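One structure is given here, and the rest of the page talks about it.
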Amino acid sequence: MTNAELILEAKKAREFSYSPYSNHPVGAALLTKSGKIYHGCNIENAGYGPTNCAERTAFFKAVSEGVKDFTAIAIVGGKADGELVFCSPCGVCRQALVEFCDPKSFVVYLGTSKEDYKGYLLEELFP
Ligand code: THU
């Protein structure tokens, strides 16, 4: 799985976003150490609290199936009717990532296309 392919998987996940309140669909593709991908999208709610970000959707799918070893996540987002933008994880998601990933090796890729992405070590985002 290349970084570019992981971005494309996140784009696929974004298709399933339920985001009628923000109009800002986000997709995530979480890569496990064994090479499997868990997809996630943001799932909004009329109440702000129950809204789940794409990253946490992917993590909760994996962990709920007994998988806890991860190498990277790709995130793709932007307004539904606009360009993709670099979409950085919120504080709650960073906290959730750190619970399961090694900050010194886990990489967070933010992308707008398979040619245009940047990678950050988790420790850069959650010092
Ligand atoms: N969102 C994500 O799913 N991931 C991010 O990294 C940033 C924000 C979602 C939450 C909300 O549904 C919408 O994007 C607008 O903030």
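Data for the structure
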read-out: FRET efficiency for Ala80 and Glu5, using Cβ-Cβ distance with R0 set to 35 Å, rounded to 0.05; value: 0.90
read-out: Per residue solvent-accessible surface (Å²) - the chain, probe of 1.4 Å; value: 52 Å²
read-out: Antiparallel bridge percentage (DSSP; both residues within the chain; nearest 5); value: 75 percent
read-out: Mean Cβ neighbour count within 10 Å, used as a protection proxy, ranking 30-38, 63-71, 49-57 highest first; value: 49-57, 30-38, 63-71
read-out: Under 18 Å, Cα to Cα: Lys pairs in the chain, sequence gap 8 or more or different chains; value: 16
read-out: Cβ-defined net charge surrounding Gln95, 13 Å radius [Lys, Arg +1; Asp, Glu -1]; value: 0
read-out: Percent RCO, i.e. relative contact order, over the chain, from Cα pairs under 8 Å lying at least 6 residues apart; value: 24 percent
read-out: Choice from Ala46, Ala62, Ala28 with maximal GNM fluctuation in the chain (Cα, 10 Å cutoff); value: Ala46
read-out: Inter-label distance, nm, simple model (7 Å from Cα along the C-beta direction), Lys61/Ser34; value: 1.6 nm
read-out: Carbon + sulfur, % of accessible area of the stretch 1-81 - ligands and nucleic acids excluded, 1.4 Å; value: 54 percent
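The values are calculated or read from the model by the stated rules, or taken from the named source; none is laboratory data. It should be emphasised that the depicted structure is a prediction, and the values quoted were computed from it without experimental measurement. Positions of Cβ are generated from backbone atoms using ideal geometry, with glycine treated the same way; all protein chains shown enter the neighbour counts. Heads up: the accessible areas ignore ligands, DNA and RNA and are worked out on the full protein's heavy atoms, side chains in. Shrake-Rupley method; radii C 1.70, N 1.55, O 1.52, S 1.80 Å.
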